[in-house]
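Visitor: Can you read through this structure? Questions will come right after.
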Amino acid sequence: MEATVFAPALEELQHVKSSQGEILTKHFLDACRHILPVIDKFGAAMALVKSDIGGNITRLETLYSSNPTRFNCLYSLVQVEIESKTAKSSSSCTNGLLWLTRAMDFIVALFQNLIEHDDWSMSQACTEAYNKTLKKWHGWLASSSFTVVMKLAPDRKKFMEVIGGTGDINADIENFCTSFSPLLAQNHKFLSRFGLDEMKAS
């Protein structure tokens, strides 16, 4: 293996923005999908996050596929729902984008913790990332479940070896966090303009 598990996502991230600076639906969703094999390496601890991310990618992709030209830009998926007043529905693409963005916030925070805190266990890196990103949006039940599964987090050293391959894993993680964070911030900014960034889990 010539590179780390981040290589496909890093490659995709180079194509996410149009020349006008708009986030392109297909490339953004593909970049998120390329992170699923990375999340896989966490095992049972991340099964919930993985299915959440996968489900939201599928939801957004279904609408995108219905008219790729119309929905070429990511926010067009939300705008069509704002116009039809369905954006706040729990099954909307707006809700899907919001939770996909939040889950990716968590993944970015987790990997930032791993490169910034050499002395932290995997469980600590996961818990701190969760507290910083997803916790305030989760109800008591989701929060409790998350706390339990975080205890299943794999050994940090073994995990880093598994995802590292023959590449420079720290450089790739840093590159991933630096490239992905501004896209997530842009999503939040767009959603908050319409008062859609504060929705909580039911």
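Visitor: Cβ-Cβ distance below 8 Å, separation of 6 or more or different chains: which pairs start in region 87-113 with a residue that is modelled with pLDDT of 95 or more and end on one that is part of a loop (DSSP other than H, G, I, E, B) and charged (D, E, K, R)?
Guide: 94/88; 95/88; 98/197
Visitor: Same structure, new question: Of the conditions (1) over 25 Å from residue 201 (Cα atoms); (2) basic (Lys, Arg); (3) in contact (Cβ under 8 Å) with a residue 24 or more places away in the chain, residue 70 satisfies every one except a single condition; which number is it?
Guide: (3)
Visitor: Could you tell me which numbered condition residue 34 fails, if it satisfies all but one of (1) at pLDDT below 95; (2) open to solvent by 40 Å² or more (accessible area, probe 1.4 Å); (3) within 16 Å of residue 180 (Cβ to Cβ)?
Guide: (1)
Visitor: Tell me yes or no: at least one residue of region 25-38 is in contact (Cβ under 8 Å) with a residue 60 or more places away in the chain, among the aliphatic types (A, V, I, L, M) and in contact with an Asp or Glu (Cβ under 7 Å, 6 or more places away or on another chain).
Guide: Residues of region 25-38 that are in contact (Cβ under 8 Å) with a residue 60 or more places away in the chain, as a first pass: 28, 31-32, 35, 38.
Still in the running and among the aliphatic types (A, V, I, L, M): 31, 35, 38.
With in contact with an Asp or Glu (Cβ under 7 Å, 6 or more places away or on another chain) added as a condition, the list becomes 31.
Checked region 25-38: at least one residue is in contact (Cβ under 8 Å) with a residue 60 or more places away in the chain, among the aliphatic types (A, V, I, L, M) and in contact with an Asp or Glu (Cβ under 7 Å, 6 or more places away or on another chain).
Visitor: Please go through region 69-96 and give me each residue that is hydroxyl-bearing (Ser, Thr, Tyr) and within 21 Å of the chain's Cα centre (by Cα), ordered by number.
Guide: 75, 76, 89, 90, 91, 92, 94
Visitor: Give region 116-148 a look and list any residue that's over 18 Å from the mean Cα position of the chain (by Cα), farther than 21 Å from residue 98 by Cβ and either hydroxyl-bearing (Ser, Thr, Tyr) or assigned to a helix (DSSP H, G or I) (or both), or say none.
Guide: 116, 121, 122, 123, 124, 144, 147, 148
Visitor: Still on this model: Please state which one of 125, 129, 171 is surrounded by fewer than 17 Cβ atoms within 10 Å (Cβ to Cβ) and closer than 28 Å to residue 3 by Cβ.
Guide: Going through 125, 129, 171 in turn, the sole match is 171.
Visitor: Give just the number: which of (1) of a type in the set (Asp, Glu); (2) open to solvent by 60 Å² or more (accessible area, probe 1.4 Å); (3) modelled with pLDDT of 95 or more does residue 81 not satisfy?
Guide: Of everything listed in (1) of a type in the set (Asp, Glu); (2) open to solvent by 60 Å² or more (accessible area, probe 1.4 Å); (3) modelled with pLDDT of 95 or more, residue 81 misses just condition (2).
Visitor: Looking only at region 149-196, which residues are free of Cβ contacts under 8 Å to residues at least 12 places away in the same chain, over 17 Å from the mean Cα position of the chain (by Cα) and in a helix (DSSP H, G or I)?
Guide: 157, 158, 161, 171, 192, 193
Visitor: Moving to a separate point now. Considering only region 39-53, how many residues are of a type in the set (Gly, Ala, Ser) and crowded, with 17+ Cβ neighbours inside 10 Å?
Guide: Matching residues across region 39-53 total 1.
Visitor: Give me the pairs, please: first residue somewhere in region 45-62 and modelled with pLDDT of 90 or more, second residue anywhere and surrounded by fewer than 16 Cβ atoms within 10 Å (Cβ to Cβ) and part of a helix (DSSP H, G or I), beta-carbon distance under 8 Å, and either six or more positions apart or on two chains.
Guide: Pairs that qualify, where the first residue is modelled with pLDDT of 90 or more and the partner is surrounded by fewer than 16 Cβ atoms within 10 Å (Cβ to Cβ) and part of a helix (DSSP H, G or I), are 46/40; 50/40.
The values are calculated or read from the model by the stated rules, or taken from the named source; none is laboratory data. On a predicted model such as this, the values are computed, not experimentally measured, just so you know. Note: ideal-geometry Cβ built from the backbone for every residue, glycine included; neighbour counts use all protein chains shown. Ligands, DNA and RNA are stripped out before the accessible areas are found, and what is left, the full protein with its side chains, is counted by its heavy atoms. Shrake-Rupley method; radii C 1.70, N 1.55, O 1.52, S 1.80 Å.
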